[in-house]
Amino acid sequence: MAEIQLTGLLVLLEQHPAFNHLVHDLRRGPLAAGSTPMALQILSAARPYVTAALAETLNRPIILITARPELALQFEDQLRLWLSDPRRLFNFPDPGALPYERAPWSPDRVQRRIGVLTALTRGSEVEGRADSLLPPLIVTSARALLHPTIPVEEFRRNLRTYAQSQSVSLRFLLASWYAIGYESTNIVAEPGQFSHRGGILDIFPINATNPARIELWGDEIESIRLFDPITQRSLETVTGLTVPPASEALLHGARDGAAARLRQLDLSASTPQARSEISTHIGHLQNGQHFPGIEFYLPYLYDYDQTGSLLDYLPADGLLVIDDWNTLELNVADIETEALNLRDEMVNRGDLPPAFATAMQTWDDLRDAFSQRPPLILGYGPEEIGYAFDDLFQAGPRYGGRLNEAVEAMHDQLDKPRQAEASRYVVVTRQAERLAELLADEGLHVRPRTTIPAPPGAGTLTLLNGSLGEGFLLRSADADGPIILNLVTDAELFGWSRMPPRRTVRARQRPTAESFFAEIQEGDYVVHIEHGIGLYRGLVQREINGLIREYLELEYAQGDRLFVPVHQADRVSRYIGPTDSEPAIHRLGTADWEQARRRARRAVEEIAEELLELYAQREAAEGYAFSEDTAWQAEIEASFPYVETEDQLRAIEEVKQDMERPRPMDRLVVGDVGFGKTEVALRAAFKAVIDGKQVAILVPTTVLAQQHFTTFTQRLAAYPVTVEMLSRFRSPGEQQEIIERLTAGKVDIVIGTHRLLSGDVKFKDLGLVIVDEEQRFGVTHKERLKQLRTEVDVLTLSATPIPRTLHMALTSVRDMSTIDTPPEERLPIINKVTEWDDTTVKMAILREIDRGGQAFFVHNRVLTIYADARRLQALVPEASFAVAHGQMNEHELERVMLDFAEGRYDVLVCTSIIESGLDLPNVNTIIVDHAEMFGLAQLYQLRGRVGRGARRGYAYFLHPRESSLTADALERLNTIREATELGAGFRIALKDLEIRGAGDLLGARQSGHIAAVGFDMYTRLLAQAVREARERGRGAQAVFPPQEQDTPTARSQTGDGQGRLLSIDTGPAVDLPLQAYLPQSYIGEEAMRLRIYRRMAETTSLEEARDIEHELRDRFGECPPPVENLLFILRLRALAAQANVTSIGTENKQLVIQFPGPGAVRLMAEAGILAGVVRYGRREVFLPMRGSEGQWKEALEDVMLALAARNQPLQVASRT
């Protein structure tokens, strides 16, 4: 749904006498220091409207303060719809960590905070265009305002600006970026990073959408280009660039003083862990080293009496606005109390030194600031002023879903005998099409739109398809006069309100399968396609026949060495096996590798045929094509009380598109825990039911089945949809009755465990199966699901897909949608991975209880769980405990879970039964005992049970001494320790694949083959087998017959005993007397050179080759001769592949172009192709090497272009 724009309605307010009076007074100058703030007493629904009008009219910086973060977001969302240029609108969030909490600030929030400070310092700059500065409108909350920030003078001093033709010192420039918090990396992909390659500098300003590439000519900036952080390719040239500090905690010039002041703290009462952590941090500060959580020490970093405040950044002509004084004061008091309680708790616990500096401002500080700069209050406050705004706006009538009544009211108002008495109606609704039909029945014909560029005339009705929080009435200055504007929204029409879509969040980079498997480091086990498993020893340069080339050095058994040319880098991949054991490396020249590969090929072909049969059946099956969305579908989606993220909306749309196609859907939706996958499933289920189909929702646990049952029942209560649950929580008699009703078609949606897959469960008309966390089901159940995929639509939900599911999705055998964006209010979870300690457990539980929350304690052995619960009860007698595990009687388990959900117990001691999908917002601490015994995906799912609301979640992963851990377990714990960011599920799944190996990829019977050849080699074979099976029979006839493949130089082949070949294409061979490599002086980092070599080796088309050439020039500058030669060879290989040429080489000062057989050359001779240019041989053509190197290279490329164009007559080929 397109975002609506309401700017044209601002004119109605701007022309009003009361508004003009206010603007006149504000233009005369700010309120005098010491005067009482002015309160306008405006209706809350109209405050964004008034704020936008003030911003547009005054055209000066504005800071708007709301009481709570969610109010700030709602204000921001609505202001975006009213402003003529939303680029001036910013949100200044709180940092995501509580005051006195030694936790890292959220990177996304830091970026937005610094973006605001930059905008207030320089104006709202359209990226890279310093000539288009807009006065910013900042929306913030009390919590954000109370947190300290960098002092304004310090920020201005460290703000860097650059322009084309500006002279700079490269040395000073790089040093200054490091000093203001930027991290030096080889590749710039995230905000806060920079890199340096000769005269090319890449930097990603912390507040920017895209990084910038500065190209120097000597000491002068020749150009500034924005580039894509994923492709690393330039997007556009800009004239200027602003680089603000990358952190609010700057060490430049402050580190010695900060370290000295911190050393004066008395740490004697602190816990050993706190002492160690603070001492380590002091060392980092002394060395000028940034670290996660450095903002905790903000009060010690600057030489001022106190740290900075956002209010310090508001220019002298700026306007300070408060939403509502009274609610702001109350909320600040709550925040102060919370912070002081946390401080006392941390001091008593030994986590915070008693004399630690104050980490936040107070209400007294704000009152002092407000007295110096009195704000304008939109709502209620200390002093009311006589602008008559309290009478200007009124709440409109509410219809509560009675649309006929609403339509009649509109008709009556618009049908006034005199135009001057008629109101203008503007209706903003997500049900615009349906309302337009009802209005047409009353003779009011109106077409829905999305923008109002100018004010509508009196007596008109404007219908907009979109969403807005609430409506209002705007009255004329004359008390008896007409209503100027009647703004109606879904809140008035239906009784529910919903915010419009939020700003687009910069998508996280997601790792791809190629990048994951391509990362090879020196010492890694690798697999060479032809020679097997060895050890990678790095890139080496060797001189052969006077030519310097670069090679991958591989070490094999008994000291054998293999030097792989860089153009064959794609033949080498990192070894990943089904276990964590080291593989046996092969000996060169033996048959061991070929035998292992041949066995794997046979196994792969069987799997490929099985997969192809399954998916071919699905493609060919006459599935059910669901109808397009109905009015009811729009209603159920509009009633969703939260704002969908962009990723969530995309996933929903992709699922619907699949359902409306005539083939069965098989889509995997991957989303982090709590990111909204259930809503995707609910909308898909409702769409199926509306078309008369039944839906089965399969979940791994009875507890999760109960939760989904509750969610679906509540959301669908207003519709004639029957929802049932089939699990252990139902008695045998109840289960039988539900099965009978399913068979009779009297149940629309059934939610259950694997009981749903039993043979006695029959459906009358099943249309959709939704599977939550498929990896939790056994082999038998998965076979049944495999069968279902060829019969009905299947939607699978998962936060951490198992390797099989993930890799099938990555290789496009299965459709996948990803939800990466977290809900706005979510905070990253604080991870603590530590050895078991009674004090840690006790304080974790007491901390959660003190803030009114509950905790999970996960102990995964039923045999000892009750003893563990008794031990915890003795350790924390203040808390109440309950026990839950999967072997309990179903009714007892249900009672315990419901009692815990209702808050009757403080701590639930349980097994991993809570792992999947459970949503209890009041539970925000989880303690996992013997965390080393869990898989990485399990740990991640368990951690996802907490921190699902706006409250910070804490996860404690306890283990025995590290000396008793296996390397595999230690790596799992380190991974979960590091994965603190929201949306890490996809990366966790890839890491889990690396750690656990690929034993589950295609079942246990494949593990041996995977171990023998490595996961990457195995999946390459599998992907190729599937691809070749798909293409079998299509047959593309070329001028030069491709079937004449009778030379081993073209391909490595192995028969499967059934007349078919499975091959790994190694491409045409090009061997010319040229220095061709990537010099270290051009690309210094070995891993980067290897990555580019690999991409070059995988290049198959001329377009891809030229694309790499453009990228190299863009990223690294002009190419030196060895790189030019390498690119020339790359183009030749691509042209040779198009021309069906197997190799290009030299012989007796002639260039030799070889074909797979004599047929191709014979056809060329008969057609006179290149006659007089080349000499025809039996299966090759010869081209004299005349003139200089540049001349024969040009002649050879011309010949190859002609051959490629002749072989593909529809393609126009030309040399650049």
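Data overview
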quantity	calculated
Any hit, the range 554-566, residues being assigned to a strand (DSSP E or B), among the β-branched types (V, I, T) and over 40 Å from the mean Cα position of the chain (by Cα)	no
Lone qualifier among R68, R129, R122 - being touching a strand residue (DSSP E or B) at 6+ places or on another chain (Cβ under 8 Å), modelled with pLDDT under 90 and closer than 16 Å to L146 by Cβ	R68
Tally of residues being at pLDDT below 90, assigned to a helix (DSSP H, G or I), out of contact with any Gly (no Cβ under 7 Å at 6 or more places or on another chain) and not β-branched (V, I, T) across the range 700-726	4
Selection count where residues are loosely packed, with under 13 Cβ neighbours inside 10 Å and either modelled with pLDDT of 90 or more or acidic (D, E) (or both), scope the range 265-300	3
Qualifying positions in the range 634-676 - among the hydrophobic types (A, V, I, L, M, F, W, C) and outside any loop (DSSP other than H, G, I, E, B)	A634, I636, A638, L649, A651, I652, V655, M659, L668, V669, V670
Search result, residues across the range 667-691 that are surrounded by fewer than 21 Cβ atoms within 10 Å (Cβ to Cβ) and more than 30 Å from I829 (Cα to Cα)	I690, D691
Selection within the range 164-189 - in contact (Cβ under 8 Å) with a residue 40 or more places away in the chain and closer than 24 Å to L1112 by Cα	Q164, S165, L170, E183, N186, I187, V188, A189
Count of residues meeting criterion [without any contact (Cβ under 8 Å) to a residue 60 or more places away in the chain and among the small types (G, A, S)] in the range 193-221	2
Residue check for I865: crowded, with 16+ Cβ neighbours inside 10 Å, in contact with a Ser or Thr (Cβ under 9 Å, 6 or more places away or on another chain) and at pLDDT 90 or above	yes
Test: residue in the range 311-328 that is surrounded by 20 or more Cβ atoms within 10 Å (Cβ to Cβ), over 24 Å from P69 (Cα atoms), among the hydroxyl-bearing types (S, T, Y) and at pLDDT 85 or above	no
Hey, D490 without any contact (Cβ under 8 Å) to a residue 60 or more places away in the chain and acidic (D, E) or not	no
Some residue of the range 727-738 being β-branched (V, I, T), in a strand (DSSP E or B) and farther than 23 Å from E635 by Cα	no
Whichever residue in the range 575-586 is in contact with a helix residue (DSSP H, G or I) (Cβ under 6 Å, 6 or more places away or on another chain) and surrounded by 15 or more Cβ atoms within 10 Å (Cβ to Cβ) and, among such residues, is modelled with the lowest pLDDT	P578
Residue, nearest to L463 (Cα to Cα), within the range 397-409, restricted to residues that are free of Cβ contacts under 8 Å to residues at least 60 places away in the same chain and not in a loop (DSSP other than H, G, I, E, B)	V407
Of the criteria (1) in a loop (DSSP other than H, G, I, E, B); (2) surrounded by 14 or more Cβ atoms within 10 Å (Cβ to Cβ); (3) at pLDDT below 90, which one V747 fails	(3)
Any hit, the range 209-229, residues being aliphatic (A, V, I, L, M) and at pLDDT below 90	no
Residues of the range 1156-1210 that turn out to be exposed (fewer than 11 other Cβ atoms within 10 Å of the Cβ), over 25 Å from P1121 (Cβ atoms) and not aliphatic (A, V, I, L, M), as a count	5
Hits in the range 171-209 - residues which are under 24 Å from the mean Cα position of the chain (by Cα) and surrounded by fewer than 18 Cβ atoms within 10 Å (Cβ to Cβ)	E183, S184, T185, N186, I187, A189, E190, T209
Helices (runs of 4 or more DSSP H) lying entirely in the range 1098-1202 (those with 2 or more residues that are closer than 24 Å to I1083 by Cα)	1102-1116, 1121-1138
Tabulated pairs, the range 623-647, first of a type in the set (V, I, T), second not in a loop (DSSP other than H, G, I, E, B), C-beta under 6 angstrom, 6+ apart or interchain	T630/I690; I636/F686
Qualifying positions in the range 1180-1207 - free of Cβ contacts under 8 Å to residues at least 60 places away in the same chain and of a type in the set (A, V, I, L, M)	V1181, L1183, M1185, A1195, V1199, A1202, A1205
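The values are calculated or read from the model by the stated rules, or taken from the named source; none is laboratory data. Just so it is clear, the model here is predicted, and its values are computed rather than measured. For neighbour counting, all protein chains shown are included, and Cβ atoms are generated from backbone atoms with ideal geometry for every residue, glycine included.
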